[in-house]
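Each reported figure results from applying straightforward, stated rules to the coordinates on display, with no laboratory input. Note that the coordinates shown come from a computational prediction; the quantities given were computed from them, not determined experimentally. Positions of Cβ are backbone-derived with ideal geometry, glycine not excepted, and every protein chain shown enters the neighbour counts.
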Amino acid sequence: MAVNSNKRTKLTLTEELELAVLTHYHSTKDNLYADALDIAASNMLNISPRSVSDKCAVIFKEMFGKDQVPFPQVEKGKETFTFIDLFAGIGGFRMALQNLGGRCLFTSEWDKYSKQTYFSNYGDYPFGDITKDATKAYIPEKFDIICGGFPCQPFSIAGVSKKISLGRNHGFADEKQGNLFFHIASIIDKHRPKAFFLENVKNLLSHDKKKTFQVIKDTFEELDYSLDFKVIDGSHFVPQHRERIMMVGFDRKQFGEKVFFDFNNLNFPKEKQIFKNILEADPDSKYTLSDKLWNFLQEYAKKHKAKGNGFGFGMTNLEGISRTISARYYKDGAEILIPQEGKNPRRLTPREAAALQGYPIYPINTLDQQHSLCIPVSENQAYRQFGNSVVMPLIQVVGEELINTLRRIGGLEKNHKVA
């Protein structure tokens, strides 16, 4: 594909792999990605520069129209720890762990639009399907932490209900998604990182009469890793009710049988989270619901209320917190509606949706314009991405205690301080 003046939206699988290799070599200088030297010397995408850094810069400029990422990699040799980022999405783990001094050595994500958002913010283009041996071959031999929010559709209440209605399998029986956990386990088994840090939906604990989570616990037991977990509501950090299970474990072969993670040590913010604080001052009128959609949502809610169901729209208390934003938010915004005096309610803007998940958005929750999350995709894709995302500051707080624990048990140099 030749470089031109139009924004790049499509890459072939070959080009995606080459771009992943190029950017990972540029970011890490790891010889594992040394194929980047041959790629840079070739005529990839008909770009004339021959060096890796020049070629990366040209591609980045052509795709996003800017020269630098808002959240660059920690400089090699100055990191507190290293990690790999699986099921990376738009980089909630990446941002949180980079903020703590971590250096990302590998990242993987299958969705092409999420890859664009990730690339535009961190400068690494993620590798693809982590179930493929060709992708796993690019994972470096040694790293401190493996992290990721592995796909939750097989375990979520809504996801299970949908699959049952369609006559499809769910949980670990879902061959396409449910077995992704075992790919994490195989990577842990091969590379023996010091720790893992995973996130999933609350329903993972109770799915299939608790059998699913028992399989997860048994798997970590077989791997000889500890496992500590806790369901935490993201409302401690953002004005949104979002309960997710956090799972942390350590290699007992390195740190002994008694190693554990203490969730009681987490430092939660003391201030109350208020929904109106993440709202833009003057949102475009296009986010206001049409009369047709607003009438439909009201009638839909009345119908289900009469049947004793809880389905319906969510009008948000501006002084409180919202419902949980989901990947379907782009359809009608029903779960989080914002009241407007004298007008129909409106949905969140994409920038507000990002702030609701704790990402820095200028000027909503940060005054640092240079380090504000870039949203390079369509609004529909942005809503999907934020609905699927982790609550970034929650990940950072758990990550901070994870690093402190590694330091206490001798897994990291004690003179390194968490940022």
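Packing-wise, with mean Cβ within 10 Å as the measure, how do 32-42, 295-305, 328-338 rank, highest first?
The packing order, highest mean first, is 328-338, 32-42, 295-305.
For a test of the definition: using alpha carbon positions, the gyration tensor, and the 1.5 limit on a/c, classify the range 275-388 as rounded, prolate or oblate.
Cα axes put the range 275-388 in the prolate bin.
Ranked highest first by the average count of other Cβ atoms within 10 Å around their residues, in what order do 256-263, 203-210 fall?
Answer by packing, highest mean first, reads 203-210, 256-263.
Of the cross-linked pairs Lys76/Lys331; Lys136/Lys211; Lys29/Lys190; Lys78/Lys190, which ones have a Cα-Cα span greater than 31 Å in the structure shown?
Where the Cα-Cα span goes over 31 Å, the pairs concerned are Lys76/Lys331.
What whole number of Å gives the distance from the Cα centroid of the range 92-130 to the Cα centroid of the range 314-383?
When both Cα centres are located, 22 Å separates them.
So how do 392-404, 133-145 stack up, highest first, on mean other-Cβ count within 10 Å?
Packing proxy ranking, top to bottom: 392-404, 133-145.
What net charge do the residues around Thr316 carry, taking every other residue with its C-beta under 12 Å from that of Thr316, with Lys and Arg at +1 and Asp and Glu at -1?
That sum, taken over residues with Cβ under 12 Å, equals +1.
Using DSSP, restrict attention to beta bridges with both residues in the chain and report what percent are antiparallel, rounded to the nearest 5.
That works out to approximately 50 percent antiparallel.
Over the chain, what is the mean sequence separation of C-alpha contacts under 8 Å (at least six apart), divided by residue count, expressed as relative contact order in percent?
Once normalised by length, the contact order is 14 percent.
With springs only between Cα atoms under 10 Å, which of Thr12, Thr80, Thr316 fluctuates most in a Gaussian network model of the chain?
Largest GNM mean-square fluctuation: Thr12.
Quick one: if the Förster radius is 25 Å, what FRET efficiency do Lys305 and Ser206 give, using the C-beta to C-beta distance and rounding to 0.05?
Calculated transfer efficiency: 0.40.
Would you mind classifying the chain by shape? Square roots of the alpha carbon gyration tensor eigenvalues, ordered a ≥ b ≥ c; an a/c under 1.5 is rounded, otherwise it is prolate if a/b is larger than b/c and oblate if not.
Oblate is the answer for the chain, as a/c is 1.5 or above yet b/c matches or exceeds a/b.
How many nm is it between the label spots at Lys61 and Thr12, if each spot is 7 Å from the Cα in line with the beta carbon?
It works out to 2.5 nm between the two label points.
Extending each Cα 7 Å along its Cβ direction at Asp189 and Asn344, get the distance between those two points in nm, one decimal.
5.4 nm
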